[in-house]
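The values are calculated or read from the model by the stated rules, or taken from the named source; none is laboratory data. What you see is a predicted model; the values in this text were computed from it and never measured. Ideal geometry is used to build each Cβ from the backbone, glycine not excepted, and the neighbour counts take in all protein chains shown.
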Ligand code: NAP
């Protein structure tokens, strides 16, 4: 079966939109998501613009603040000024940051309830305590696909250990009683582990990395990878081979990416509700 992300994203969009509308009516506010970009990396500009468009569909004002260049201290001061603003309910630092700026040190200064990207240490740590109010959107998207399509199985192999994908996803899966193995570039025999797993999540950033050597026929592959070849986008799975060989697979594009883009706004909404309920 093709695990179509658009269906999942559309359903979530409707729910998020209606909650945002109700909040706007009740509190008479226009909640804003502030994107902060330094430099003009083309991929980061594409992602920022797509968030602006998606925000428009959801009734969220998304504003992009671009700095041609800025030093670390001034960037942190700007982040802190956004924390203090009443009109801003979410903040995202667009990556990559140019050399000389540290992503972790920057993100670490975002108030946890405005952390729409789920990248602050506070929110990452909360996942280990089973508090999923705000979680990295890509990890949330994998869970959404598994739950929406009722993907069978208990064992999951994640080929990625980054703070964006593998680490938070392992926590979300553990919270749902899955048995999880994290693999990475130093894992001696990934195939042995992945072939014994019901679900394989791949996010290595190498087009066509995962073929049928890595999986058993009744497994599900969730392809998180995004690789550009000119204008063509491919995932990390060898889709044409695997779609005939295994039970379920997500396409790229049209799989995890579109659900991730939506789940940023789920984080935004959860942070918004927290701020309104706690009068931050
Ligand atoms: P990253 O920080 O570079 O992490 C890549 C991970 O893959 C690392 O854990 C790395 O191992 C592992 N890896 C790389 N080559 C490997 C190999 N040959 N064998 C086994 N493991 C290998 O990147 P990321 O930010 O997590 O993103 C990963 C991919 O997901 C990229 O393609 C990115 O574009 C995509 N992505 C997609 C979305 C979405 O919405 N669909 C969102 C975020 C990221 P080490 O830790 O040992 O280096």
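Miscellaneous remarks
- In segment 159-177, the residues that are under 17 Å from residue 117 (Cα atoms) and modelled with pLDDT of 95 or more reach residues that are more than 15 Å from the ligand (Cβ to nearest atom) and assigned to a helix (DSSP H, G or I) with C-beta atoms within less than 6 angstrom, at least six apart or across chains, in these pairs: 168/127; 171/127; 171/128.
- Here the condition is being near the ligand (Cβ under 10 Å from one of its atoms) and either over 15 Å from residue 166 (Cβ atoms) or at pLDDT below 95 (or both); of 237, 203, 261, it holds for 261 alone.
- Out of 32, 51, sole residue that is closer than 30 Å to residue 199 by Cβ, buried (at least 19 other Cβ atoms within 10 Å of the Cβ), in the same structural domain as residue 97 (by TED's automatic domain parsing) and touching a strand residue (DSSP E or B) at 6+ places or on another chain (Cβ under 6 Å): 51
- Taken over segment 123-148, the criterion of being surrounded by 14 or more Cβ atoms within 10 Å (Cβ to Cβ) and either out of contact with any helix residue (DSSP H, G or I) (no Cβ under 8 Å at 6 or more places or on another chain) or over 22 Å from residue 261 (Cβ atoms) (or both) is satisfied by 126, 146.
- Meets criteria (in contact with a strand residue (DSSP E or B) (Cβ under 7 Å, 6 or more places away or on another chain), within 16 Å of the ligand (Cβ to nearest atom) and part of a helix (DSSP H, G or I)) for residue 197: no
- Flag if residue 272 is over 17 Å from the mean Cα position of the chain (by Cα), crowded, with 24+ Cβ neighbours inside 10 Å, within 11 Å of the ligand (Cβ to nearest atom) and in contact (Cβ under 8 Å) with a residue 40 or more places away in the chain: no
- Complete set of residues in segment 25-44 that are in a helix (DSSP H, G or I) and either more than 14 Å from residue 101 (Cβ to Cβ) or without any contact (Cβ under 8 Å) to a residue 12 or more places away in the chain (or both): 25, 26, 27, 42, 43
- Within segment 182-194, the set of residues being under 20 Å from the mean Cα position of the chain (by Cα) and either surrounded by 16 or more Cβ atoms within 10 Å (Cβ to Cβ) or more than 10 Å from the ligand (Cβ to nearest atom) (or both) comprises 182, 183.
- Given (1) touching a helix residue (DSSP H, G or I) at 6+ places or on another chain (Cβ under 8 Å); (2) assigned to a helix (DSSP H, G or I); (3) within 13 Å of the ligand (Cβ to nearest atom), index of the condition residue 170 fails: (1)
- If the condition is being in contact with a helix residue (DSSP H, G or I) (Cβ under 8 Å, 6 or more places away or on another chain), part of a helix (DSSP H, G or I) and surrounded by 17 or more Cβ atoms within 10 Å (Cβ to Cβ), then segment 54-82 contributes 54, 55, 58, 75, 76, 79, 82.
- Residues satisfying the stated conditions in segment 112-153, i.e. free of Cβ contacts under 8 Å to residues at least 12 places away in the same chain and closer than 23 Å to residue 8 by Cα: 131, 147, 150
- Taking residues in segment 222-237 that are outside the structural domain of residue 249 (by TED's automatic domain parsing), and partners anywhere that are assigned to a strand (DSSP E or B) and more than 6 Å from the ligand (Cβ to nearest atom), not one pair has Cβ atoms closer than 9 Å while being at least 6 places apart or on different chains.
- Pair list, Cβ < 6 Å and 6+ apart or interchain, from segment 57-78 residues that are on the phi > 0 side of the Ramachandran plot to residues that are modelled with pLDDT of 95 or more and surrounded by 17 or more Cβ atoms within 10 Å (Cβ to Cβ): 59/20
- Only residues that are buried (at least 23 other Cβ atoms within 10 Å of the Cβ) and either closer than 18 Å to residue 258 by Cα or within 12 Å of the ligand (Cβ to nearest atom) (or both) were counted across segment 92-116, and they come to 2.
- Looking only at segment 149-167, and only at residues there that are assigned to a loop (DSSP other than H, G, I, E, B) and near the ligand (Cβ under 10 Å from one of its atoms), the one that is surrounded by the most Cβ atoms within 10 Å (Cβ to Cβ): 165
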